[in-house]
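Inspection log for the structure reproduced underneath, given as structure tokens.
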Amino acid sequence: MNVTNDIYRLLLGPSWSRVASARLEAAVGDRVVLVTGASSGIGARTAELLAGAGANVLLAARRVDELTVVADRIMAAGGRASAYRVDLAEPAEVDRLVEEVLADHGRVDVVVNNAGKSIRRSLADTADRFHDVTRTNAVNYLGPVRLVSGLLPQMRARGGGHVVNVSSLTVDLPSAHWAVYTASKAAFEAWLRCVAPEIRVDGVATTSIHFPLVHTAMSAPTYSTRLPGLTVDGAAEVIGRALVYRPRVLIPWWVRLAGLVADVAQGPYEAGQARVLRITGRT
Ligand SMILES: NC(=O)c1ccc[n+]([C@@H]2O[C@H](COP(=O)([O-])OP(=O)(O)OC[C@H]3O[C@@H](n4cnc5c(N)ncnc54)[C@H](OP(=O)(O)O)[C@@H]3O)[C@@H](O)[C@H]2O)c1
């Protein structure tokens, strides 16, 4: 048990609490679960948690060596896991992943769309780096749309499935220097919201989780480990809970509140940020 993590999750609210192992086993045992971005961080830990609860986990990312380490660890603990190399920014690789996992396992019951590229950069610094805008959208938006679109037909035909989207609170609280990352995350979520009613008809559920800070390799360059945040264990447990209860969305209550204020008072919200940028000289 990690006490700091548990206290932080109390602040996030009851819908972010740990779920009983028996419930998780009932929800994912014998399910085929594809976890993207499973070579590190939240994805790796989620794959381990779900495999421990009986799921057959398919791990996807670019770094095969890292995927193999995670898969070996799962299998050493008695679980089932397979590693698949994919660069989500490459459409042909995404199509190949869909073909491979369906050929190897016959079905995918759950997709955890977790892989992501983070980028924090000012507009001025982005001007001559448009390729980063393109790539961020390819990894966070277009690749996941292609992947999920490829896997949905078999879920719909079988009358069930679940797409879990690992998103960020920046979607609720748009902030300076996070434009490209936030827009790519918001774009995938908008796509998922639009298709949700179409696939719900066939019994396929969707969940988007707006995570606050999670201490991983991705967040380390930007946020001190002393800041309050979730551990990867805590984040994996939240994803586990989402698989059990299948909520439409999981957003910390204080993010919802702050997002509402930011929407209603958009002018002051932006003016406040502009003031901070002016004071810190980080425009
Ligand atoms: N950490 C946070 O504070 C935080 C907060 C909110 C949301 N999130 C979201 O949580 C998710 C997981 O991030 P993390 O914090 O666990 O960071 P992480 O450890 O850096 O994990 C990112 C994962 O995405 C994979 N990935 C990146 N580019 C890819 C590509 N082109 N094709 C396939 N896979 C790719 C990486 O694998 P390879 O490099 O092996 O390809 C890695 O497994 C991301 O979607 C992130 O936006 C994180």
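Below 8 Å between Cα atoms, with a sequence gap of 6+, how large is the relative contact order for segment 64-146 in percent?
31 percent
Taking only Cα atoms, what is the 0 to 90° angle, nearest 10, from helix 91-105's long axis to the longest principal axis of the chain?
Its long axis makes an angle of about 30 degrees.
Averaged across orientations, what area in nm² does the convex hull of the alpha carbons in segment 1-143 project?
10.8 nm²
Viscosity 1.002 mPa s, temperature 20 °C: what is the translational diffusion coefficient of the chain from Stokes-Einstein with a Kirkwood Rh over Cα pairs, rounded to a whole number of µm²/s?
Estimated via Stokes-Einstein, D reaches 110 µm²/s.
Would you mind getting the accessible area per residue of segment 3-280, heavy atoms of the protein chains only, 1.4 Å probe, in Å²?
That works out to 47 Å² per residue.
Helix-only estimate, please: 222 nm mean residue ellipticity of the chain, summing -39500 (n - 2.57) across DSSP H runs of length 4 or more and dividing by its residues, to the nearest 500.
-16500 deg cm²/dmol
Which residues among segment 160-198 fall inside the zone where the amide N is under 20 Å from a point 7 Å beyond the Cα of S122, along Cα→Cβ?
Zone members listed by number: 174-183.
Quick check: net charge around A262, other residues with Cβ under 10 Å of its Cβ, Lys/Arg +1 and Asp/Glu -1?
Charge balance near A262 sits at -3.
Which residues among segment 90-120 fall inside the zone where the amide N is under 13 Å from a point 7 Å beyond the Cα of T222, along Cα→Cβ?
116-120, by backbone N distance to the label point.
Find the relative contact order for segment 3-280 and round it to a whole percent, using C-alpha pairs within less than 8 Å whose residues are 6+ positions apart.
RCO, segment 3-280: 22 percent.
Out of the trypsin sites (Lys or Arg not before Pro) in segment 202-256, which ones are loop residues according to DSSP with at most 15 other C-beta atoms within 10 Å?
Passing both the DSSP loop test and the Cβ count: R226, R248.
Sequence-distant or interchain residues sharing an amide H contact under 5 Å with S208, placed H: which?
N165, V249, L250
The values are calculated or read from the model by the stated rules, or taken from the named source; none is laboratory data. None of the values given here were measured: they were computed from a predicted structure. Glycine gets a Cβ as well: all are built from the backbone with ideal geometry, and neighbour counts include every protein chain shown. These accessible areas exclude ligands, DNA and RNA; they are computed on the full protein's heavy atoms, side chains included. Shrake-Rupley method; radii C 1.70, N 1.55, O 1.52, S 1.80 Å.
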